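Every read-out reported here was derived from the displayed coordinates using simple, explicitly stated rules and does not represent laboratory data. Treat the numbers as computed from the prediction; the structure is a model and nothing was measured. Here the Cβ positions follow ideal geometry from the backbone for every residue, glycine too, while neighbour counts run over all protein chains shown.
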Amino acid sequence: MPFFDMPLKELDAYRPERQEAPDFDAFWADSLAETRRYALNARFEPADYRLKVIETYDVTFAGYDGQPIKGWLLLPAQRSGPLPCVVEYIGYGGGRGFPLEWLIWSCAGYATLIMDTRGQGSTWRHGDTPDLPSEGANPFHPGFMTQGILNPRTYYYRRVFLDGVRAVEAARSHPAVDVSRIAVTGGSQGGGITLAVSGLAPDLVAASLPDVPFLCHYRRATELVDTSPYVEITNYLKVHRDHVETAFHTLSYFDGVNFAARARAKALFSAGLMDDICPPSTVFAAYNHYAGPKEMRTYEYNNHEGGGIHHQLEKLKFLNALWG
């Protein structure tokens, strides 16, 4: 994919006007209050995956509407006190898979909680958490991007983002975790969830590491690319021509640009300058509105894979510099 978006100099300065409903904060405050009426009920059950230096736990906690969300908790077996914890969110279509797929952070000395994504986990890595919407939804294009899109209360990502906050609360509830040193991270969809949680729970998150984040600056994304998953929105609106403004009004409640403006944690972003899944200008829109201290790593000739393992090393360096 050749360069198709703005030059880097323009990306560095790209700070579009945010499209935000007047009741954005009230909507999310009410949504969090509804979810927190249910006991967190975090459970950590030992799971044997033949790892001698890592303790593995099968996690269940109450997410949106009190519904059970699965995950993994990985801990270094040798530790002398509470550990900094990295809460990781997963890319579009993937699930929690097996603990053997998530060893980097625990091998580096961190606790790690991986959140399964409700309803996903049947595309490229298996998941174990069903999606159980308790309110009605509109007809939608196959996928998750337009499920419930005619009303912010019924939109799919309302449930996911609330699960994401509860995942941080579940991590904080474990005695091996230092509650003052919680980082959130993920790539693509996981990066979008990272931004949402950073904006929704700024008092709970000390570091935010969104990689090539999805779910940002939706309208520009649909105008620039015809790749999945943003094309789900395009295809829905091709059929439902009378729902364009309603859909984008709903999406404004779930835009990483708006969450970034409320986040305060120290942040490390990444962007691939040839990314035709999450165009670089959508990532920079969130980055340039991000309210906390921040750094960006760009990968000039990379698509949606971004920095790959090179960026994983950057994240390790970033947290090591922050926490030692």
Pairs over 31 Å Cα to Cα, from 70/317; 70/238; 52/266, come to 70/238; 52/266
When the charge dipole of the chain is computed with +1 on Lys and Arg Cβ and -1 on Asp and Glu Cβ about the Cα centre, the Cα farthest towards its positive end, among 291, 46, 80, belongs to 80
Most exposed to least, judged by fewest other Cβ atoms within 10 Å, 217, 249, 310 sort to 310, 249, 217
If every Lys and Arg gets +1 and every Asp and Glu gets -1 at its Cβ, then about the Cα centre segment 56-161 yields a dipole, in debye to the nearest 20, of 120
In order over segment 292-304: 3J(HN,Hα) from phi, Karplus 6.51/-1.76/1.60, θ = phi - 60°, whole Hz, x for each Gly or Pro, gives x, x, 8, 9, 10, 10, 10, 10, 4, 9, 10, 8, 6
Counting only residues 5 or more apart in sequence or on a different chain, those whose built amide H sits under 5 Å from that of residue 83 are 177, 178
In segment 216-324, the chymotrypsin sites (Phe, Trp or Tyr not before Pro) that sit in a DSSP loop and have at most 15 other Cβ atoms within 10 Å of their own Cβ are 301
Mean separation of Cα contacts under 8 Å (at least 6 apart) over the residue count of segment 8-319, i.e. the relative contact order in percent, is 16
PRE zone check, label point 7 Å out along Cα-to-Cβ of residue 128, amide N under 16 Å, scope segment 66-82, hits 68-75
Most fluctuating of 86, 160, 244 in the GNM of the chain (C-alpha, under 10 Å) is 244
Read-out percent of Cα pairs over 27 Å apart, candidates (1) 39; (2) 51; (3) 42; calculated match is (1)
Diffing segment 278-284: the Karplus 3J(HN,Hα) column from phi (6.51, -1.76, 1.60, θ = phi - 60°), in whole Hz with x for Gly and Pro, holds 10, x, x, 5, 6, 5, 5
